[in-house]
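Read the figures in this text as sums done on the coordinates, not as results from a lab. No experiment lies behind these values; they were computed from the predicted model shown. Quick reminder, even Gly has a Cβ in these numbers, built from the backbone with ideal geometry, and neighbours come from all protein chains shown.
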Amino acid sequence: MKKKINILIASLFLSMTSGLTSCKEFLDRDPQAAVSDQDAYKNFVSFQGFTEELYHTIPDFSNGYWTSSFNWGDDEIQSVSATGHFGVKIDNGDFWGWQRNFDGWQAGWLDRNNNSTNDDRFTKSLYGLGWYGIRKANMGLANLDKMNDATQEEKDLIKGQLLFFRGWYHFMFMQFFGGLPYIDTVLPGDQKLTLPRLKYSECAEKAAKDFREAADLLPTNWDATTAGRRTLGKNTLRINKIMALGYLAKNYLWAGSPLMNSVSGGGRTYNVEYCKKAADAAAELLSLCESGQAPHSLLPFDKYSTNFYTTGQNWALPGGTEAIFTGPYYGAHGSTYGTAKQYTPLVISEGDTKFLPTANYVDMYGMANGLPIADATKPDPVSGYNPELPWKGRDPRFYNDIVYDGMKMVNGNIPNASETINRYANLHTRGTYRDVASGSRTGYLNYKFIPRTANKFDLGYSYDKSLNIKVPYMRLADVYLMYAEAAAQAYGGPSGKSPGYSKTAVDAINTLRTRAGVGFVAPQFLSSVETFMSEVRRERAVELAFEGHRFNDLRRWLLLTENPYTLKKAVEFDRASTLDPAKDSKENRVLNLRETVILERKFTAKHYWLPMKTNDVNLYLEFPQNPGW
């Protein structure tokens with residue numbers, strides 16, 4: 001303990017990111033002071049120094065390696081040049097690949113050989129630091145009574161943070177592995193383990209208790225507290241009431257979802273009571289934000305990309321007012337070189353590991369009028385979609401996220417005349433951007449997380465030191481979507497709402513569509529919970545595209561093993577005429593548009609959960625392996 005606290009006091013918070021850098025004041029102590037266990041907890045400065053390390057246990061899933069795989073549903077497919085990422089292993093049905101012993105690259109953010117609480121993004125993984133984080137939170141909670149030299153506000157801030165982290169790590173484990181022992185005490189190192197795996201619902205109840213108490217203890221804004229004013233303006237990442245409410249809602253919605261409900265002893269349907277609790281927690285959060293009592297709000301659509309990246313702003317952390325929960329930005333610009341290139345075809349970039357949006361997932365982006373596309377290969381007189389003009393009239397988020405054929409990709413000078421053909425995206429069949437090893441396998445590119453200038457001609461090979469990429473764990477749009485889903489299931493359909501909150505389930509969806517400039521949910525989807533859920537799922541797919549949610553959504557909806565969600569497709573087509581640079585690319589006409597299956601994932605019931613580590617399930621009989629593994 002003494003060594004750990006001395007390290008914390010010396011240097012723990014020197015680089016917690018631009019949004020949370022100057023808590024060093026909390027750690028200023030006489031360097032000659034001897035720090036005992038008693039001293040470590042006696043006042044807010046010391047105890048906060050102990051607590052700060054928990055922030056450095058949060059993995060940055062979007063920057064965890066030179067290239068980062070975190071979309072494992074039907075949304076993304078990887079180029080064939082490399083197979084070390086977990087996403088490839090999932091496509092092959094090899095869910096053991098999440099573990100470090102099965103991942104020679106150390107590319108997975110779930111498990112790594114080396115884990116530490118330093119500032120190296122390569123040394124952080126969920127499994128490696130999650131159990132450590134839970135133990136540390138329990139140690140802090142067990143020593144709260146030693147915090148004598150502190151105000152009640154300071155005691156509440158410490159306890160609220162510790163409770164949140166204990167709940168968050170348990171929730172993160174549960175969503176991948178199912179019910180586990182819920183560790184809420186400091187386990188003696190010499191005691192034989194006998195803690196049984198709990199049902200998912202039992203774990204969720206314990207996590208909910210921690211999140212609820214944390215929400216009751218924590219402020220909506222640390223800047224408004226006496227303790228927080230000591231680091232005024234640098235409290236963005238500190239755990240607050242909104243974060244706790246967000247995960248309270250998510251924890252309850254997951255517990256109420258068909259997969260989790262079924263393994264907890266319910267049916268393969270939603271648990272209405274859990275959905276009600278989820279809707280109420282989300283409503284509490286949204287009410288605080290919409291009333292101005294909390295500093296979170298949806299970004300205007302012209303600032304939408306700043307949820308995920310900033311450029312030309314030096315060390316500015318992405319996220320803005322919409323980000324709810326995100327961890328520290330380890331290494332910052334160290335991610336720019338590799339991360340940006342993983343979305344850019346080799347012909348205008350570098351590297352051969354690429355992550356591509358599947359054509360079937362791109363089809364989820366409907367029309368600007370709010371209607372879905374029934375079949376991307378056929379005309380749709382209802383929505384107005386035309387397969388000869390497939391890029392025209394689409395949801396504005398389509399144009400923000402997806403690069404399609406004919407879009408201008410390079411603004412600056414291209415020295416080699418033979419490469420000028422690559423100024424525009426040649427994503428048609430046999431186009432120069434199409435390459436299974438180092439380009440697009442699917443006919444599309446994902447540019448949600450990078451600007452169009454992220455290429456070797458515009459930003460150069462360094463990709464500019466002012467490009468920062470980071471995807472949040474949770475943002476406000478996600479809470480609106482969770483509320484819509486939970487309120488519809490718990491309160492009678494699209495018009496259902498949580499008591500005390502003004503918005504109905506469909507209002508929540510339409511709030512996001514209004515921001516994006518998309519038509520409201522059409523009347524034909526408001527006749528029942530079942531028809532509305534098709535639009536809830538589609539809206540969730542579009543708004544949260546490629547942010548790491550789809551795999552767990554398909555799992556909890558019991559759709560992971562079902563057709564068409566097992567398919568990954570490419571789009572094939574020919575240009576109707578020579579590309580005209582003076583013409584809006586949305587107007588480009590194509591011929592023979594068709595979709596082909598690249599991959600069909602052969603999943604069975606066992607794939608709804610990741611396998612536990614063999615060494616862990618061999619520790620004692622009460623800790624069994626997940627079924628089928």
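Annotations
- Counting neighbouring beta carbons within 10 Å and listing from fewest to most, the residues Tyr270, Tyr501 come out as Tyr501, Tyr270.
- FRET efficiency, Ser466 to Asn416 (Cβ-Cβ, R0 35 Å, nearest 0.05): 0.85
- Reach of Lys583 by Cα under 14 Å, taken over aspartates and glutamates that are not fewer than 8 positions away in the same chain: Asp405
- Residues Thr117, Thr561 arranged by fewest to most Cβ contacts within 10 Å: Thr561, Thr117
- On full extension, the segment bounded by Val80 and Asp39 gains 9.2 nm, given 0.36 nm per residue less the C-alpha separation.
- Three-way shape call for region 308-419 based on the alpha-carbon gyration tensor, with the a/c threshold at 1.5: oblate
- Between Asp584 and Asp302, the distance separating the two model label sites (each 7 Å from Cα on the Cα→Cβ line) works out to 1.8 nm.
- Between Val382 and Glu562, full extension at 0.36 nm per residue minus the direct alpha carbon distance yields a gain of 62.1 nm.
- Scattering curve values for region 173-323, log₁₀ I(q)/I(0), Debye with Cα scatterers, q = 0.20, 0.21 Å⁻¹: -1.19, -1.23
- With a cut-off of 14 Å on the backbone N, the residues of region 199-215 near the modelled label site 7 Å out from Glu622 along Cα-Cβ are 199.
- With neighbour counts taken as other beta-carbon atoms within 10 Å, the residues Leu558, Leu619, Leu317 rank, fewest first, as Leu619, Leu558, Leu317.
- P(r) for region 565-629, from all Cα pairs and a bin width of 10 Å, is 16, 23, 17, 14, 13, 11, 5 %, short bins first.
- Sites Gln152 and Lys199 - FRET efficiency at Förster radius 30 Å, r taken between beta-carbons, to 0.05: 0.25
- Couplings for region 486-498, taken from phi via the Karplus curve 6.51 cos²θ - 1.76 cosθ + 1.60 with θ = phi - 60°, read 5, 5, 5, 6, 9, 10, x, x, x, 8, x, 8, 6 Hz in order; Gly and Pro are left as x.
- Computed helical MRE - 222 nm, the chain, DSSP H runs ≥ 4 contributing -39500 (n - 2.57), nearest 500: -10000 deg cm²/dmol
- C-alpha center-to-center spacing [region 389-438, region 143-201] in angstrom: 49 Å
- Rounded if a/c under 1.5, otherwise prolate or oblate - region 172-261, Cα gyration tensor axes: oblate
- Calculated from backbone phi, Karplus (6.51, -1.76, 1.60) coupling profile of region 133-138 in Hz, x at Gly/Pro: x, 5, 5, 5, 4, 5
- Cα gyration tensor shape for region 290-356, rounded if a/c is under 1.5, else prolate or oblate: prolate
- Separation of region 275-316 from region 222-260 is 12 Å, based on Cα centroids.
- Put a dot 7 Å past the Cα of Arg430, heading toward its Cβ, do the same for Phe520, and the two dots end up 4.9 nm apart.
- Cα-Cα separations in the chain greater than 42 Å, expressed as whole percent: 22 percent
- Whole-Hz ³J(HN,Hα) from phi, Karplus 6.51 cos²θ - 1.76 cosθ + 1.60, for region 614-623, glycine and proline x: 4, 4, 6, 6, 8, 5, 6, 5, 6, 10
- In this label model, Tyr337 and Ala224 are separated by 4.4 nm, measuring between points 7 Å along each Cα→Cβ vector.
- The slack in the chain from Lys192 to Ser495, taken as 0.36 nm per residue of separation less the alpha-carbon distance, amounts to 103.8 nm.
- For region 479-593, the Kirkwood hydrodynamic radius comes to 16.6 Å, computed from all pairs of different C-alpha atoms.
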